[in-house]
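Participant: Take this structure first; my questions come after.
The values are calculated or read from the model by the stated rules, or taken from the named source; none is laboratory data. The model shown is predicted, which means the values in this text are computed figures rather than measured ones. We place every Cβ from the backbone using ideal geometry, glycine too, and count neighbours over all the protein chains shown. These area figures cover heavy atoms from the full protein model, side chains too; ligands, DNA and RNA do not enter into them. Shrake-Rupley method; radii C 1.70, N 1.55, O 1.52, S 1.80 Å.
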Amino acid sequence: MNKFKIAIVGAGPAGYFAAQALQNLQTDERKFAIDMFEKLPTPWGLVRSGVAPDHPKIKSVSKVFEKIATTEDFRLFANVELGKDISLSELKKHYDAVVLAIGASKGKKLGIPGENLVGSFSAAEFVPWYNGHPDYAGVQIPLDCETAVVIGAGNVAMDVARMLSLNPIELDPTDTALPALKALHNSQIRQVHLCARRGPEHVAFTSPELRELPKLEHTTVLISPEEIAQAIQRIESLPEVEKEVKNNLDAMRNIANETKPTQDRSLEFHFLLTPKEILGTDRVEEIVFTVNEVHGDTVVQTDQIYTIKCGLVISGIGYETNEFEDVQFEKGRVKNENGHVDDNLYVVGWAKRGPSGVIGTNKSDSTEVMKFLVDGLQAPKESDDFLNLLISTDVNYLTQFDWEKINQSEVSTGEALGKPRVKIVNREEFLNFKNA
Ligand code: NAP
């Protein structure tokens, strides 16, 4: 029987689904010992630090992750960072194959003047802040203004806009990080404008997310019925229209036509606005857009401008993978061919295909790459247990056993407060659970 050692770097959905695929590809002759490395003290990646706290059902996939993690021959080494605590060359030397599942956590830039003003953020900072990511716990989001603008028309921009516009009492029974929840309770923001650069027929939202907006109890959601009617008219002249586009327009038409008592909190959708400049002296004061028009298949800029006075701008316009030495990157992701990078190195998830798809998309994607990886294996390497190397360094790694204690502690603190968990947000605090 051959037992191959596989290292997976990154304990997010793509990493776990890669591990699961390997577990499923085992035969009597071929087994896998999987070591998963994660730079945070906690696993689950975007399920912990990306998924919005008011979407608890999406997080239930963590049960699958825990099943994978507690299967024989799986070890978690959390709080271990590639490029800092361990090197890629060490991993490639020790393991029969290495799988990068490092995601894409760097927010894309708008590239416009004023983007670096105080009060201008990327969703890549705001989302981990409200989700208790320890590296973002100290981010100061100025919520002392009445109006916020969110740029982008994808589900991340929608999460951001919803989190800013809902009444935070709706977040009390969730696992929103406590410092963020407190800040949101004190927030002065009452108007949130979500601005898309193309038309309603071009948005990247998905319809279930749009359909849940009318359920916000304390927020008036505003969409112009005329803009939706114009978009519907435009798509009627197209030879083919995707079902998702029709579903989105249908959901937006329902919101636009809904009559609901006016609340003091609003979330307003704007279309055909390209961000041009953010203005302000010491902080964000206003955003200037170029107004666009749809001409046939294309969106063209006009010489008209539109402005919104605001104190906070958050862009949710996509992500890129953080680059590091030893690997080539292109278009914000690891350069690869069907998941193969070079030698015994593979890549899965957003780092492989870019920031697209829901959590489940990673299952089929990681499975394909792992089949490819397994096909490339020959005889297992004779190498020392990597654990010995970790022990010989001063890396303060946390194991699955430590994580289970952290998890239990967070859940039981949460239970007392009617929440699914209370997240620990301080890195040092996690280390108290090591071998405790
Ligand atoms: P996305 O779906 O690719 O949307 C990005 C949005 O940003 C698009 O509307 C794009 O407009 C816009 N954009 C890009 N560059 C821009 C610029 N320079 N100026 C203005 N707008 C710009 O990305 P995402 O929202 O980050 O989401 C990533 C993935 O995670 C998606 O697959 C999403 O569905 C998924 N996700 C799912 C959920 C959920 O299931 N609830 C929640 C969050 C995220 P154009 O189309 O014009 O380029």
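Participant: In this structure, does Lys423 turn out to be within 18 Å of Asp54 (Cα to Cα), buried (at least 18 other Cβ atoms within 10 Å of the Cβ) and out of contact with any helix residue (DSSP H, G or I) (no Cβ under 7 Å at 6 or more places or on another chain)?
Facilitator: Judged against the criteria, Lys423 is not a match.
Participant: So Val341 clears everything in (1) open to solvent by less than 20 Å² (accessible area, probe 1.4 Å); (2) in a strand (DSSP E or B) except one condition, right? Which one?
Facilitator: The failed condition is (1).
Participant: Could you check, for region 138-145, whether at least one of its residues is within 14 Å of the ligand (Cβ to nearest atom) and in a loop (DSSP other than H, G, I, E, B)?
Facilitator: Within region 138-145, not a single residue is within 14 Å of the ligand (Cβ to nearest atom) and in a loop (DSSP other than H, G, I, E, B).
Participant: Can you find, within region 318-338, the residue that is farthest from the chain's Cα centre (by Cα) among those that are of a type in the set (Asp, Glu) and in a strand (DSSP E or B)?
Facilitator: So the residue we want is Glu337.
Participant: When both residues are 6+ apart or on different chains and their Cβ atoms are under 7 Å apart, which pairs have a first residue that lies in region 249-269 and is in contact (Cβ under 8 Å) with a residue 12 or more places away in the chain and surrounded by 14 or more Cβ atoms within 10 Å (Cβ to Cβ), and a second that is part of a loop (DSSP other than H, G, I, E, B) and of a type in the set (A, V, I, L, M, F, W, C)?
Facilitator: Short answer, once both residue conditions are applied: Met252/Ile223; Ile255/Ile223; Ala256/Ile223; Phe269/Ile223.
Participant: Given the residues Leu181, Leu166, Leu213, which is the only one that is at pLDDT 95 or above, open to solvent by less than 60 Å² (accessible area, probe 1.4 Å) and either more than 16 Å from the ligand (Cβ to nearest atom) or not aliphatic (A, V, I, L, M) (or both)?
Facilitator: One residue alone meets the criteria, Leu181.
Participant: Further, regarding this structure: Which helices (runs of 4 or more DSSP H) does region 1-114 wholly contain that include 1 or more residues that are within 25 Å of the chain's Cα centre (by Cα) and within 16 Å of the ligand (Cβ to nearest atom)?
Facilitator: The helices (runs of 4 or more DSSP H) meeting that bar are 13-24, 46-49, 62-69.
Participant: Any residue in region 284-297 that's free of Cβ contacts under 8 Å to residues at least 24 places away in the same chain: show its pairings with residues that are assigned to a loop (DSSP other than H, G, I, E, B) and of a type outside the set (S, T, N, Q) at Cβ separation under 7 Å, as long as the two are six or more apart or on different chains.
Facilitator: Val291/Leu272; Glu293/Leu272
Participant: Read through the list (1) away from the ligand (no atom under 16 Å from the Cβ); (2) surrounded by fewer than 15 Cβ atoms within 10 Å (Cβ to Cβ); (3) of a type in the set (Val, Ile, Thr); (4) within 27 Å of Glu320 (Cα to Cα), then give the number of the only condition that Val369 fails.
Facilitator: With respect to (1) away from the ligand (no atom under 16 Å from the Cβ); (2) surrounded by fewer than 15 Cβ atoms within 10 Å (Cβ to Cβ); (3) of a type in the set (Val, Ile, Thr); (4) within 27 Å of Glu320 (Cα to Cα), Val369 is out only on (2).
Participant: When you check Glu125 against the structure, is it charged (D, E, K, R) and within 16 Å of the ligand (Cβ to nearest atom), yes or no?
Facilitator: yes
Participant: Additional query: Quick check on region 192-206: of everything there that is of a type outside the set (Phe, Trp, Tyr) and open to solvent by less than 10 Å² (accessible area, probe 1.4 Å), which residue is nearest to the ligand (Cβ to nearest atom)?
Facilitator: Ala196
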